[in-house]
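The values are calculated or read from the model by the stated rules, or taken from the named source; none is laboratory data. All figures in this text were calculated on a predicted structure; none of them were measured in a lab. Here the Cβ positions follow ideal geometry from the backbone for every residue, glycine too, while neighbour counts run over all protein chains shown. The accessibility values were calculated without ligands, DNA or RNA, using every heavy atom of the protein model including side chains. Shrake-Rupley method; radii C 1.70, N 1.55, O 1.52, S 1.80 Å.
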Amino acid sequence: MPDTPAAETSRADVVNAIRALAMDAVQQANSGHPGMPMGMAEIAEVLWRRFLRHNPKNPSWPDRDRFVLSNGHGSMLQYALLHLTGYDLPMAEIRKFRQLHSRTPGHPEFGYTPGIETTTGPLGQGLANAVGFAIAEKLLAAEFNRPGHAIVDHFTYAFAGDGCLMEGISHEACSLAGVLSLAKLIVLYDDNGISIDGKVAGWFRDDTPKRFSAYGWNVIAGVDGHDSHALAAAIERARASDKPTLVCCKTVIGKGAPTRAGTAKAHGEALGAEEIAATRAALGWKYPPFEIPEAVYREWDATASGAKAEGDWNARFASYQGAHPDLAAEFRRRMAGELPADWQATVESLVAKAGEKAESVASRKASQNALEAIGPKLPGLLGGSADLTGSNLTLWSGSKPMTGSEPGNYIYFGVREFGMAAIGNGLALHGGFIPYSGTFLTFSDYSRNALRMAALMKARNIFVFTHESIGLGEDGPTHQSIEQVASLRLIPHMDVWRPCDTVETALAWAASIERKDGPSALALSRQNLPFMKRSPEAVASIRRGGYVLSAGAGASRAAIIATGSEVSIAIAAQKTLADSGVPVRVVSMPCTSIFDRQDAAWRESVLPKGLPRVAIEAGVSDYWRKYVGLEGEVIGIDRFGESAPAADVYKFLGVDAEHLVAAVKRVV
């Protein structure tokens, strides 16, 4: 666009359309954050109109650029961009900002609004998701591109604010991004110096450029965030770098508002009718609320350029498919999230071998055995651990570490549990990979909000948590998980598996990989667990989350419900009770949420109404009241553990067959 006064006026209207939509929508809702969208309007205009490769009519084509609004409180910025460029987000939805069932919720939500790549709002996690996107692009490019055929070649752009950089997860994720040389990752930092409490200089004085330079990033500092020419030049430099890039953009929050600009008042509240009127006058914006001139829409419309970008890629892919048909078919399968044609045969073989071997091993070892069987058959399975690879046993013989210069299928995340989980969410959302990552269960607390976000987004992310109970023994209460399994079960859409032996572990892995509508967590033991003999019917029933492992002899007078390492205790108690004339059934319930989703007939067949129940699990007891009722009993642990050998801790805390037998006799 030539630098004439008329052109500049036109550009001003194009940019100010973002400001107008943001302040009008927040004002109508009387809720929201107008300051950031108004301050980042020029940055957004330059990126979305000059650089971002996307197609509003097909938001999910594989080689689109990814855009992440890490400072998701400024959601109206993204909604304005989606609306103006031609996504299926009409003005009626903008008018319903933050209202019930609108597609413009308070923070961007994946799967809810077209064009949203990830749910953001909890600050810093969008940055980590963006790192996951960039890892996925780099690995897919290395795996599938061939000379003359670049079918994976896109950038990941992220907007971030001071809050994102104050959150510790930004250090975890961005440090790793530097190590992995994620050159296709570009972060535009909204350096406006204001947060909810006021000027951030009172609590945030990091030398951000030096910090990111120390990570190994390319840093472009001192960019005027309201100078379109400087912004375009900075993004061009970033795209040419062989490192991830941070572009530090100095901006004014609430730009254009006469009395609110540059103040905390612009951050998180409506400007007010008087200030909005004054802002319209200051900006020269002559149009009423929610009205955008057709000339401005024409400038923003990305449908033609988007169709061309996707069409060009489709032509390239057709050429690629002709030259490399097998690779093309595998790429399509991976991006669609489908499993290989021989998947079921792989699972059946794994389960059969586990049954034949009848090994008594720790479930973390059973998990590694499952990976050994599944890994070679499942390209796209991408693993990792937070500096606990040798303890989590997340590495299998075909694992190859990813480095800055070499692709791989395993990531050494370092001691970065939160970042690891959020990066995994980005990998899952990008497509092409089924990520899994490991740490100790007690450290799930470090990554808790990323686990919640995985569930909120229904992301296909698998969390491997070992050392899941007092069974880890001598490390003591700091590492012995008591409440973590129950707390993870409380997260909607999260399937939590606590398997009791090699067969249940194998099927837990199979179910987690097959699941497309949410994350799964595997709670695995450090100590050896005895193999459980079961009928073929019982093996098939494991997938239903809860089943009768051992019916016992005669009509049951009670049911014992157990998980993981306590299933063997339940079996021992069943024998003692049978010898004393009290027949009971043992129900193994490796995944309560899946059991709860079964039909009423199945649940009744496993836990008949009127049959007294006792649950046993080496963790907090309250969760099990939903199954045993107030008249039943729970053998659990409602205190922290002890540092001692596992057997001694179990006995001291009363999680044993003796206490279980006594509890059953009390309820019969």
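Worth pointing out:
- For Ser621, residues with placed amide H under 5 Å, excluding near neighbours: Ile637
- Relative packing of peptides 456-462, 50-56 - highest average C-beta neighbours within 10 Å first: 456-462, 50-56
- Cα shape, the stretch 63-184, gyration tensor, a/c 1.5 rule: oblate
- Counting only protein heavy atoms and a probe of 1.4 Å, the accessible surface of the chain is 53% carbon and sulfur.
- Which of Lys96, Lys665, Lys210 is most accessible, then next, and so on - probe 1.4 Å: Lys210, Lys665, Lys96
- Rounded if a/c under 1.5, otherwise prolate or oblate - the stretch 549-668, Cα gyration tensor axes: oblate
- Averaging the Cα positions of each part gives two centres, and for the stretch 495-539 and the stretch 54-112 these lie 38 Å apart.
- Spatial offset of the stretch 287-332 relative to the stretch 593-668 amounts to 55 Å, using the alpha carbon center of each.
- Converting phi to 3J(HN,Hα) with the Karplus coefficients 6.51, -1.76 and 1.60 and the offset θ = phi - 60°, the stretch 466-482 yields 9, 6, 8, 6, 4, x, 6, x, 5, 5, x, x, 5, 10, 7, 6, 10 Hz in sequence order, with x at every glycine or proline.
- From the coordinates shown, log10 I(q)/I(0) by the Debye sum over Cα atoms at q = 0.06, 0.12 Å⁻¹ corresponds to which of [x] -0.34, -1.60; [y] -0.62, -1.26; [z] -0.39, -1.18: [z]
- Once the C-beta distance of Ala295 and Asp599 is scaled by a Förster radius of 45 Å, the resulting FRET efficiency is 0.15 to the nearest 0.05.
- For Leu188, residues with placed amide H under 5 Å, excluding near neighbours: Ala158, Phe159, Ala160, Val247
- The stretch 372-442-the stretch 149-207 distance, computed between alpha-carbon centres (Å): 23
- Extension gain, Asp387 to Glu348: 0.36 nm times the residue separation minus the Cα-Cα distance gives 10.8 nm.
- For the chain, the longest principal axis of the alpha carbon atoms and the long axis of helix 125-144 meet at an angle near 90°.
- Counted without the sites themselves, the longest stretch of the chain free of GluC sites (Glu not before Pro) in a DSSP loop having at most 14 other beta carbon atoms within 10 Å is 339-630.
- Whole-Hz Karplus values for the stretch 315-324 come out as 5, 4, 5, 4, 5, 4, 4, x, 7, 9 Hz, taken residue by residue from phi with 6.51 cos²θ - 1.76 cosθ + 1.60 and θ = phi - 60°; glycine and proline positions read x.
- Accessible surface area normalised per residue over the chain is 37 Å², counting heavy atoms of protein chains with a 1.4 Å rolling probe.
- Bridgeable aspartates and glutamates around Lys665 (alpha carbons under 17 Å apart, same-chain partners fewer than 8 residues away excluded): Asp579, Glu631, Glu633, Asp656.
- For Tyr410, the amide hydrogen comes within under 5 Å of the amide hydrogens of Gly383, Lys400, Met402, counting only partners 5 or more places away or on other chains and with H modelled in the peptide plane.
- Value at 222 nm in deg cm²/dmol, rounded to 500, when DSSP H runs of n ≥ 4 in the chain each add -39,500 (n - 2.57): -13000 deg cm²/dmol
- In terms of distances greater than 30 angstrom between alpha carbons, the cross-link table entries Lys96/Lys265; Lys199/Lys458; Lys57/Lys516; Lys353/Lys609 yield Lys199/Lys458; Lys353/Lys609.
- With both residues required to sit in the chain, DSSP beta bridges show an antiparallel share near 15%.
- The string of couplings for the stretch 202-209 from the Karplus curve (6.51, -1.76, 1.60, θ = phi - 60°) is x, 8, 9, 10, 4, 7, 4, x Hz, one whole number per residue in order, with x for Gly and Pro.
- The stretch 470-518 shape via C-alpha gyration tensor axes, a/c threshold 1.5: oblate
- Above-threshold pairs, the threshold being 24 Å between Cα atoms, out of Lys575/Lys651; Lys533/Lys575; Lys377/Lys533; Lys184/Lys308; Lys365/Lys626: Lys377/Lys533; Lys365/Lys626
- When the residues Val655, Val415 are ordered by accessible surface, computed with a 1.4 Å probe over the protein chains alone, the sequence from largest down reads Val415, Val655.
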